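To start, the structure itself, in structure tokens.
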Amino acid sequence: MDTEQICAGRTVIVTGAGRGIGRAHALAFAAAGASVVVNDLGSALDGAATGETPAEQVVAEIVALGGSAVANGDDIADWDGARRLVRQAVDAFGGLDVLVNNAGFVRDRMLVNLGEDEWDAVIRVHLKGHFVTMRHAIEYWRGEAKAGRPVDGRIINTSSGAGLQGSVGQGNYGAAKAGIAGLTLTAAAEFARYGVTVNAIAPAARTRMTEGVFAETMAKPDDGFDAMAPENVSPLVVWLGSPQSAGVTGRMFEVEGGKVALAEGWRHGVAVDRGARWAPEELGPVVAGLIAKAMLPEAVYGA
Ligand SMILES: NC(=O)c1ccc[n+]([C@@H]2O[C@H](COP(=O)([O-])OP(=O)(O)OC[C@H]3O[C@@H](n4cnc5c(N)ncnc54)[C@H](O)[C@@H]3O)[C@@H](O)[C@H]2O)c1
């Protein structure tokens, strides 16, 4: 572990850290000196139970490298499970400094075929799975702030290009990830008073979630830089979790390979205001004029 220890002494929760990008975050935080609560309930790509215990395996990897970690197998979208997760960090390591919301799964289908269960499950694991962990973490941090103890908290959420630009065949997932982008803005505004920043990332990496997409376009090179390795996403997340990122909040970062980008979201755009109500039949040329002056929307993935 030769990374500069920019998170020395900090306690970090990473959800869904048994595999993929979350596992890379957990290892990177440990290398940066943090104690890590490695959460994962070991579900299949579609959220089904598997009986696997990937969180324990990642804890063993961290401990073998000389780091400090404990495993948690709670469902992060369950109210009591998320509360236990926050409590475990405090009990095991004496506090909580960073919450990385990363866990989730996909059930991709065109909207015309999407079932109610597929909608509910994906919205629950991503959107509710971000809310309930933030809810219990901020309750802890508010208590610390009220008790007069210093709080330098960080929340890093995980959105997706599917939420920022849309993605054909991922209506449920894209809606959840767009919701996470919006939730990040409100949380950043509300939590600043407690000394907690809230940012989000939209990553891209080769994991089981994307191997079908990236296997052909971005195969792993025999040598040189593997731009699609999940480990490329983690340095920014570790920096966002460190004291160095104080003052950066409410931002959405796109991160892939060696690229870090700041996404710019919905903002008030070109407008016409005549100070009186329009009649419906008047609006055709008004809308055409606005569209002519506005930026073109980004392409929807897969369109
Ligand atoms: N891989 C990419 O290119 C990419 C792109 C955009 C966004 N993302 C997002 O990044 C995050 C990580 O994805 P990944 O590609 O590493 O996928 P992954 O499937 O490899 O890892 C996700 C992990 O979350 C765990 N998990 C699922 N439901 C859980 C629950 N209720 N409680 C606890 N753990 C649970 C799974 O067991 C799994 O280990 C996800 O939020 C995903 O939507 C990934």
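Only the coordinates and a few stated rules stand behind these numbers; no lab work does. Everything numeric here is computed off the predicted structure, so don't read it as measured data. Note that each Cβ is placed from the backbone with ideal geometry, even for glycine, and that neighbours are counted across all protein chains shown.
What lysines does K177 reach when the alpha-carbon gap must be under 25 Å and sequence neighbours fewer than 8 apart in one chain are set aside?
K128, K259
Rg(Cα) of the stretch 74-166 divided by 2.2 N^0.38 Å?
Normalised by 2.2 N^0.38 Å, the Cα Rg of the stretch 74-166 equals 1.28.
Which ³J(HN,Hα) values, rounded to whole Hz and listed in residue order, are derived for the stretch 221-238 from phi using the Karplus coefficients 6.51, -1.76 and 1.60 in 6.51 cos²θ - 1.76 cosθ + 1.60 with θ = phi - 60°, glycine and proline given as x?
Working through the residues one at a time gives x, 5, 9, x, 7, 8, 5, 9, 5, x, 4, 6, 7, 6, x, 5, 5, 5 Hz.
When a/c is below 1.5 the answer is rounded, else prolate if a/b is larger than b/c, else oblate, so apply that to the stretch 38-88 with a ≥ b ≥ c taken from the square roots of the Cα gyration tensor eigenvalues.
oblate
Using just the helices of the chain, give the 222 nm mean residue ellipticity in deg cm²/dmol: DSSP H runs with n ≥ 4 each add -39,500 (n - 2.57), and the total is spread over all residues, rounded to 500.
Rounded to the nearest 500, the figure is -11500 deg cm²/dmol.
If you take the square roots of the eigenvalues of the alpha-carbon gyration tensor of the stretch 94-238 and sort them as a ≥ b ≥ c, do you get rounded (a/c under 1.5), prolate (a/b over b/c) or oblate?
oblate
Quick check on the exposure proxy: order L296, L65, L262 from fewest to most C-beta atoms within 10 angstrom.
Result, fewest neighbours first: L296, L262, L65.
Can you tell me the dipole magnitude for the chain around its Cα centre, using point charges on the Cβ only (Lys, Arg +1; Asp, Glu -1), in Debye to the nearest 20?
Charge dipole, the chain, about its Cα centre: 980 debye, nearest 20.
Based on other C-beta atoms within 10 Å, arrange D91, D273 from fewest to most.
D273, D91
Please list, in chain and number order, the residues 5+ apart from N102 or on another chain whose amide H is under 5 Å from its amide H, with Hs placed from the backbone.
The answer is T15.
Taking the dipole about the Cα centre of the chain, with the C-beta of Lys and Arg at +1 and of Asp and Glu at -1, give me whichever of L185, V90, S159 is farthest to the positive side.
Of L185, V90, S159, it is L185.
So if a site counts as exposed when it's one of the GluC sites (Glu not before Pro), its DSSP state isn't H, G, I, E or B, and it has at most 15 other Cβ atoms within 10 Å, what's the longest stretch of the chain without one?
Counting only loop sites that pass the neighbour cut-off, the longest clear stretch is 53-263.
Return the distance in nm (one decimal) between the two label points of a simple spin-label model at V248 and D223, each offset 7 Å from Cα along Cα→Cβ.
Result: 3.3 nm between the two label points.
Kindly identify the stretch 17-154 as rounded, prolate or oblate by the Cα gyration tensor criterion: order the square roots of the eigenvalues as a ≥ b ≥ c, call it rounded if a/c is under 1.5, otherwise compare a/b with b/c, prolate if a/b is larger, else oblate.
Here the stretch 17-154 falls in the oblate category.
Once Rh is set to the Kirkwood radius over Cα pairs, what Stokes-Einstein translational diffusion coefficient, in µm²/s, holds for the stretch 228-303 at a temperature of 37 °C and a viscosity of 0.692 mPa s?
196
Relative to the longest principal Cα axis of the chain, at what angle does helix 283-293 sit, 0 to 90 degrees, rounded to 10?
That helix lies at roughly 50 degrees to the long axis.
Any chance you could list P(r) for the stretch 11-263, counting all Cα-Cα pairs in 10 angstrom bins from zero, rounded to whole %?
Taking every Cα pair in the stretch 11-263, the percentages come to 8, 33, 39, 17, 3, 0.
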